[in-house]
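In what follows, a single structure is set out as structure tokens and then discussed.
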Amino acid sequence: MKAVILAAGEGQRMRPLTANRPKVMLPVVGLPILEHLLNELKAAGIKEFILIVGYCDKQVRSYFDDGEKWGVKIDFSEQRKQLGTADALRNISGMVGGNFLVINGDVVVNRADIKKLMKCTRSTMGVIEVKDPGGLGIVELAGQKVVGIYEKTRRPPSLMANAGLYLFTPAIFDAVEKTEKSPRGEYEVTDSLKILMSGPAGLNYLQLKSWLDLSYPWDLLVANETMMASLKPQNLGKVEDNVVLKGTVVIGKNTIVRSGSYIEGPVIIGDDCRIGPNCYIRASTTIGNDCHIGAFVEIKNSIIMSGTDVPHLNYVGDSVIGEGCNFGAGTKIANLRLDEQNIHVSGIDTGRRKLGAIIGDNVKTGINSSINVGTVIGNNSFIGPGVVARGNILPNTKLF
């Protein structure tokens, strides 16, 4: 059985983090989202993959290549023009034989659920019960069948969401050929599913036990916190005397942790990093490769991507920081409103009481700059000394 992973989209709701990379290559627990997915599928018994790529596809191709590193076989299908998920499936009709899996590249699922789905013999949709159906595709169920699919409806008939994980028989390709363009000009797989539902075999469902949907930047923090629970400690670097490693801490190759540093796991630190002296790295933090976390810096529950420097006297809390950033001394990122209400970003309720900033690649801050809760800073921006940054800051902006 082959697994087809939909990885062609940009992920505009993840901007500015996807300005230079596809959504599936965003890091969670030190690895791209897509790699976590591939690892779970492999553990479930899948050895052949088709990755449907498009936006910034060179990054996906160069990272995964033919799959030899993971002991699997990977083929690619290019969807250069984004004409919808049904169009993506149409393009791979000659690359699969028999039943096959299809999964969105931006979700996190586990091997146990995948194994159950692989045992199904009819076209089956993975569904998950959610607390908040907002922004999700909701399904109506009757017996063992899916009898209704509703996209972002105000009055959903249930709290069961489409998890973006399917087992398809070859009948899906007949449904795809009958699928017409949607009002937004795309061939939607949900329309193909409705055609399957109306057929003699119908569309079955399997309720999943575990699922994470990564739609917005703050969802990366949730995934990071959740997935770190299974970490095992590892030290491939050098740790000087008078360093405290508490809980599960992973330290990469050629990384040095200098004296006086206090690291409270779970924490992941990549390769070739310089940590400390006298810094405090708190739980659920992931630091990429070639980063510098300097003296008297505190970092909490954050994702710091590769090549970023947070040199000294800085505070970063509940934030996602892109690659190649450099923070001037005294930069502070607020992560809690004074009234302790949920933080909104661009008018969207994040559901989080604590959220710092979402910062793109190659952003620089001057000394003693302050960044307010829920601030989004686009790529290549400069926040000058003493400036208070807030709201949505466009790429290439210079604030003084």
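The values are calculated or read from the model by the stated rules, or taken from the named source; none is laboratory data. Since the model is a prediction, treat every value here as computed from it, not as a measurement. Backbone-built Cβ (ideal geometry, glycine too); neighbour counts: all protein chains shown.
Worth pointing out:
- Number of positions in the range 283-314 that are of a type outside the set (S, T, N, Q) and buried (at least 21 other Cβ atoms within 10 Å of the Cβ): 10
- Residues in the range 379-400 that are within 12 Å of CYS325 (Cβ to Cβ) and either surrounded by fewer than 24 Cβ atoms within 10 Å (Cβ to Cβ) or within 24 Å of the chain's Cα centre (by Cα) (or both): ASN379, ASN380, SER381, PHE382.
- The sole residue among GLY30, GLY84, GLY71, GLY45 that is at positive phi, surrounded by 18 or more Cβ atoms within 10 Å (Cβ to Cβ), touching a residue at least 24 places away in the same chain (Cβ under 8 Å) and over 17 Å from the mean Cα position of the chain (by Cα) is GLY84.
- Of the strands (runs of 3 or more DSSP E) lying entirely inside the range 120-235, those carrying at least 1 residues that are free of Cβ contacts under 8 Å to residues at least 60 places away in the same chain and out of contact with any strand residue (DSSP E or B) (no Cβ under 8 Å at 6 or more places or on another chain) are 137-142.
- Members of the range 89-115 that are in a helix (DSSP H, G or I), under 21 Å from the mean Cα position of the chain (by Cα) and under 24 Å from GLU180 (Cα atoms): none
- Scanning the range 237-263 for residues that are among the small types (Gly, Ala, Ser), without any contact (Cβ under 8 Å) to a residue 24 or more places away in the chain and surrounded by fewer than 16 Cβ atoms within 10 Å (Cβ to Cβ) turns up just one, SER259.
- Residue match in the range 375-392 (condition: out of contact with any Ser or Thr (no Cβ under 8 Å at 6 or more places or on another chain), without any contact (Cβ under 8 Å) to a residue 60 or more places away in the chain and closer than 30 Å to ASP132 by Cβ): yes
- Pairs with Cβ under 6 Å, 6+ apart, first in the range 264-285 and part of a strand (DSSP E or B), second among the hydroxyl-bearing types (Ser, Thr, Tyr) and surrounded by fewer than 22 Cβ atoms within 10 Å (Cβ to Cβ): TYR280/TYR262
- ASN104 assigned by TED's automatic domain parsing to the domain that holds GLY11, surrounded by fewer than 20 Cβ atoms within 10 Å (Cβ to Cβ) and over 26 Å from PRO200 (Cβ atoms): no
Matching residues to (1) at pLDDT 95 or above; (2) outside the structural domain of MET197 (by TED's automatic domain parsing); (3) of a type in the set (Phe, Trp, Tyr):
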residue: THR18; (1), (2), (3): yes, no, no
residue: GLU35; (1), (2), (3): yes, no, no
residue: LEU41; (1), (2), (3): yes, no, no
residue: TYR63; (1), (2), (3): yes, no, yes
residue: ILE74; (1), (2), (3): yes, no, no
residue: LEU83; (1), (2), (3): no, no, no
residue: PHE100; (1), (2), (3): yes, no, yes
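- Among the residues of the range 58-98, those that are out of contact with any Phe, Trp or Tyr (no Cβ under 8 Å at 6 or more places or on another chain) and among the basic types (Lys, Arg) comprise LYS58, LYS69, ARG80, LYS81.
- Top-ranked residue of the range 301-325 - restricted to ones that are in contact (Cβ under 8 Å) with a residue 24 or more places away in the chain and not in a loop (DSSP other than H, G, I, E, B), ranked as nearest to THR285 (Cα to Cα): ILE303
- If the condition is being under 18 Å from the mean Cα position of the chain (by Cα), crowded, with 18+ Cβ neighbours inside 10 Å and outside any strand (DSSP E or B), then the range 327-351 contributes only THR350.
- Residue count for the range 170-187, restricted to those that are in contact with a Gly (Cβ under 8 Å, 6 or more places away or on another chain) and either buried (at least 22 other Cβ atoms within 10 Å of the Cβ) or β-branched (Val, Ile, Thr) (or both): 1
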